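> Questions regarding the structure given below will be posed in turn.
The values are calculated or read from the model by the stated rules, or taken from the named source; none is laboratory data. Note that this is a predicted model, so its numbers are computed, not measured. Neighbour counts run over all protein chains shown; Cβ positions are idealised from the backbone, glycine included.
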Amino acid sequence: MDFHAVRLLVRDVHKSVEFYRDTLGFEGWIDALGEYAYFEEQHLALFKQSNMLSELEEESGKTVQKGPSVFLLQFEVKNVDEAYVLLKKKNVRFINPPHDRRDWGSRIAHFKDPDGNIIELYQSIRSKPANEMQ
């Protein structure tokens, strides 16, 4: 089994495409109906939430409701502080400014996309590589 992508279920695909393409600078494509978009390099797909919920409800015969986000998207950058300044100029509203989490070996900052999904900018500040999972 190979990982393909994270698929975010969004209310407005066009608004989300504008955010990920124009604000974050991702390159990708959107389908002719405007219901699906894919940013190949980041392995990130956007899909119209109502379409997915309808599909799941048809398949299961049960009502499906969107719950609160239980994940975040993490993007590694060369310099969190520089990315923070650049995105602030593009009117991104951050949850917190860049800060070190030495216990995580990271310098990070967080913001949300148009659907409220949490995005983390990440820069490694570890002096030694983390132990690999066995």
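> Counting just the residues of region 111-130 that are modelled with pLDDT of 90 or more and more than 13 Å from PHE71 (Cβ to Cβ), which one comes out surrounded by the most Cβ atoms within 10 Å (Cβ to Cβ)?
Looking at the filtered set, the residue picked out is LEU121.
> If MET52 satisfies every condition in (1) in contact with a Gly (Cβ under 7 Å, 6 or more places away or on another chain); (2) in a helix (DSSP H, G or I); (3) at pLDDT below 80 but one, which is the exception?
(1)
> Name the residues in region 90-109 that are closer than 16 Å to TYR20 by Cβ and either of a type in the set (S, T, N, Q) or part of a strand (DSSP E or B) (or both), would you?
Residue satisfying the conditions is ASN91 alone.
> To continue, here is another question. Quick check on region 71-89: of everything there that is of a type in the set (A, V, I, L, M, F, W, C) and part of a loop (DSSP other than H, G, I, E, B), which residue is surrounded by the most Cβ atoms within 10 Å (Cβ to Cβ)?
VAL77
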